[in-house]
Amino acid sequence: MNRVVITGIGVVTPIGNTRDTFWSALVEARSGIGPITIIPTERLNSRIAAQVLDFNPADHFDARRVSLLDRFAQFAVVAARAALRDAQLELSEEMALEAATIIGNSTGGMNTLDDSFFKLYGQNAARAHPLSIPRLMSNAACSAISMDLGLKGPTYTIASACSSGTHAIGQAFQMVRTGQAPIALTGGTEACLTVGTFKGWEALRVLSSDTCRPFSKTRSGLVLGEGAAMFVLETRERAVARGAPIYAEILGFGMSADAGDITAIDPSGAARAMQAALRDAKVNRNEIDYVNAHGTGTALNDKGETIALRQAFGDAADHLAVSSSKGVLGHSLGAAGAVELAATALALHNQTIPPTANFQEADPDCDLDYVPNTARNAPIQKAMSSSFAFGGLNAVLVLGRA
Amino acid sequence: MAIIDDVRSIIAKSLNIPVDQLTPEKRLDELGAESLDVIEIVFALEEKYDIAIPLQANDATRVSASGKSESQDKSGNSELPFATVGDVAEMVEKLVAAKASK
């Protein structure tokens with residue numbers, strides 16, 4: 001079994017499109033949540049989101065190419081290019097033939113779907129755009145990355161709602177660990193901030209109109225976001241041999257399904273995924289220093305996740321630093337696990353714990369150390385990143401210091 | 001049709017329970033309503049009467065509709081501003097009256 005490391009990180013996020021701008025905003029708890037500007041808001045009750053505002057497709061794609069790519073695929077390709085550059089990896093043809101591209105995504109090309117249906121049903125258009133199908137298919141992002149970078153090995157999309165990014169990275173990790181692929185390009189992408197998406201979430205009655213305040217007693221719901229994060233995974237042996245930068249090692253991956261309610265978090269299901277990841281990593285729960293939590297900012301997710309952390313960690317929970325990045329990044333659904341893994345890897349790399357932003361007041365139901373508002377310099381040897389999805393699907397990764 | 005009868009019939013359909021069992025004092029949680037049942041019921045009433053029923057995550061009145069202690073809702077939907085069939089009808093009556101007086 002190979003040891004697997006992260007040697008490249010690329011991001012497109014509401015707080016910046018480079019690794020450095022992303023990290024400094026996270027550490028400074030500078031939130032990317034603000035008034036919605038990318039779509040009309042007159043029909044929306046909640047008018048805030050974490051949008052990627054600093055992104056001009058023409059800066060990255062020529063006109064012919066861009067018409068093939070929905071926003072979620074554009075984010076994915078730009079982040080994937082950045083990850084590969086960051087890894088300083090020159091791909092040989094032999095490696096490219098076996099390189100895996102495993103991408104998490106929840107909703108596919110929602111902007112394309114929304115625009116197309118608006119024209120057809122709302123404006124009685126006679127025909128759809130001829131590229132609407134290849135733009136909106138959920139595998140459009142992994143296919144676009146594979147074509148753009150010339151990656152020709154196992155390539156597919158994993159869809160598990162808010163756990164998609166974490167499931168994808170876990171799958172890519174397993175492929176490199178077992179030698180099925182020499183390297184993997186993996187991560188998550190999402191761009192579904194359309195009027196239709198907001199109305200759907202509004203009807204679930206979970207959107208905050210204030211901001212996202214994970215684990216705070218005053219938390220008022222979740223805030224939708226968008227973005228992408230991509231990683232280059234390779235064997236530790238190869239990375240060391242070629243003198244590559246190593247951000248962190250992936251030690252283990254755990255999954256579970258609640259087989260219960262479609263939206264309700266089951267603390268025991270979430271805890272089982274954490275325990276499975278620790279077992280896979282051969283790491284004792286006392287060894288984890290930091291958990292990047294799912295922490296959506298809804299009343300009951302954060303309470304249920306706290307119960308799950310106590311179940312999985314026992315007494316060790318009182319020594320854990322736990323933070324949620326969603327106060328800064330919003331909830332980017334299928335990308336969330338990936339952007340949060342970037343936060344976790346960079347926490348290990350920089351030996352700094354990014355805080356839980358927008359925290360106001362402790363809640364007796366959330367009684368762990370959530371690193372409120374201010375980053376903490378602390379020795380971190382091992383860390384965990386968790387995702388829990390609608391449908392009861394849980395995915396957890398354990399990372400170690402490089 | 002009185003509002004209470006509409007409320008009973010919508011809840012009966014949503015929970016697949018005979019309407020004559022839905023007396024005003026029956027609690028939704030005792031009837032087996034889970035979080036998604038409740039938001040579907042609320043949606044049906046909003047559509048029927050063209051009203052907006054105030055129901056959000058982190059609602060101040062914390063009444064569990066699911067009755068489950070272990071199962072916490074990711075979306076915050078098991079905390080509601082009403083508990084019984086009669087509460088729901090009363091809320092709808094107030095909102096319909098407020099709309100009429102506008």
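The values are calculated or read from the model by the stated rules, or taken from the named source; none is laboratory data. Please read all numbers here as calculations on a predicted model, not as lab measurements. Heads up, the Cβs are rebuilt from the backbone with ideal geometry, glycines too, and the neighbour counts pull from every protein chain shown.
On inspection, A:T166 qualifies as assigned to a helix (DSSP H, G or I) and either more than 23 Å from A:T107 (Cα to Cα) or outside the structural domain of A:G392 (by TED's automatic domain parsing) (or both). Selection of segment A:81-106 for residues being in contact (Cβ under 8 Å) with a residue 24 or more places away in the chain and surrounded by fewer than 20 Cβ atoms within 10 Å (Cβ to Cβ) yields A:R81, A:R85, A:Q88, A:L91, A:M95, A:A96, A:L97, A:E98. Checked across segment B:78-92, the condition of being closer than 25 Å to A:D365 by Cβ, within 12 Å of the chain's Cα centre (by Cα), at pLDDT 85 or above and in a strand (DSSP E or B) holds for no residue. State whether the residues of segment A:258-273 include one that is aliphatic (A, V, I, L, M), within 16 Å of A:H331 (Cβ to Cβ), touching a residue at least 40 places away in the same chain (Cβ under 8 Å) and assigned by TED's automatic domain parsing to the domain that holds A:R85. Among the residues of segment A:258-273, not one is aliphatic (A, V, I, L, M), within 16 Å of A:H331 (Cβ to Cβ), touching a residue at least 40 places away in the same chain (Cβ under 8 Å) and assigned by TED's automatic domain parsing to the domain that holds A:R85, which makes the answer no.
Exactly one residue out of A:L329, A:L278, A:L300 is of a type outside the set (D, E) and either surrounded by fewer than 22 Cβ atoms within 10 Å (Cβ to Cβ) or within 14 Å of chain B (Cβ to nearest Cβ) (or both), and it is A:L300.
Can you tell me how many residues in segment A:21-43 are of a type outside the set (V, I, T) and either farther than 23 Å from A:T296 by Cα or not in a loop (DSSP other than H, G, I, E, B) (or both)? Summing the residues that are of a type outside the set (V, I, T) and either farther than 23 Å from A:T296 by Cα or not in a loop (DSSP other than H, G, I, E, B) (or both) in segment A:21-43 gives 10. Residues in segment A:22-80 that are free of Cβ contacts under 8 Å to residues at least 60 places away in the same chain and closer than 20 Å to A:K199 by Cα were compared, and the one that is surrounded by the fewest Cβ atoms within 10 Å (Cβ to Cβ) is A:E42. In segment A:213-221, is there at least one residue being away from every other protein chain (no Cβ under 12 Å) and either at negative phi or not acidic (D, E) (or both)? Within segment A:213-221, one or more residues are away from every other protein chain (no Cβ under 12 Å) and either at negative phi or not acidic (D, E) (or both). Scanning segment A:53-84 for residues being within 18 Å of A:T112 (Cβ to Cβ) and in a loop (DSSP other than H, G, I, E, B) gives a total of 7. Could you list, in sequence order, all residues of segment B:10-51 that are assigned to a helix (DSSP H, G or I) and more than 12 Å from the chain's Cα centre (by Cα)? Within segment B:10-51, B:K13, B:V19, B:D20, B:Q21, B:E47, B:K48, B:Y49 qualify.
Of everything in segment A:144-163 that is in a helix (DSSP H, G or I) and in contact (Cβ under 8 Å) with a residue 60 or more places away in the chain, the residue that is nearest to A:V223 (Cα to Cα) is A:C162. When the residues of segment A:152-165 are narrowed to those that are in contact with a Leu (Cβ under 6 Å, 6 or more places away or on another chain) and buried (at least 20 other Cβ atoms within 10 Å of the Cβ), which ends up farthest from A:A343 (Cα to Cα)? So, considering only residues that are in contact with a Leu (Cβ under 6 Å, 6 or more places away or on another chain) and buried (at least 20 other Cβ atoms within 10 Å of the Cβ), the one farthest from A:A343 (Cα to Cα) is A:S160.
With respect to (1) buried (at least 24 other Cβ atoms within 10 Å of the Cβ); (2) touching a Phe, Trp or Tyr at 6+ places or on another chain (Cβ under 7 Å), the lone exception for A:A321 is condition (1).
Restricted to segment A:308-402, the set of strands (runs of 3 or more DSSP E) holding at least 1 residues that are within 17 Å of A:G225 (Cβ to Cβ) comprises A:321-323, A:382-389.
Kindly check whether there is at least one residue in segment A:359-381 that is of a type in the set (F, W, Y) and over 29 Å from A:V4 (Cβ atoms). Within segment A:359-381 (the criterion being of a type in the set (F, W, Y) and over 29 Å from A:V4 (Cβ atoms)), the answer is yes, since at least one residue qualifies.
Just one of the listed residues (A:R213, A:R205) is among the charged types (D, E, K, R), at pLDDT below 95 and either buried (at least 24 other Cβ atoms within 10 Å of the Cβ) or not assigned by TED's automatic domain parsing to the domain that holds A:I265 (or both), and it is A:R205.
Of all residues in segment A:186-212, those satisfying the criterion of being within 14 Å of chain B (Cβ to nearest Cβ) and of a type outside the set (S, T, N, Q) are A:K199, A:G200, A:W201, A:E202, A:A203, A:L204, A:R205, A:V206, A:L207, A:D210, A:C212.
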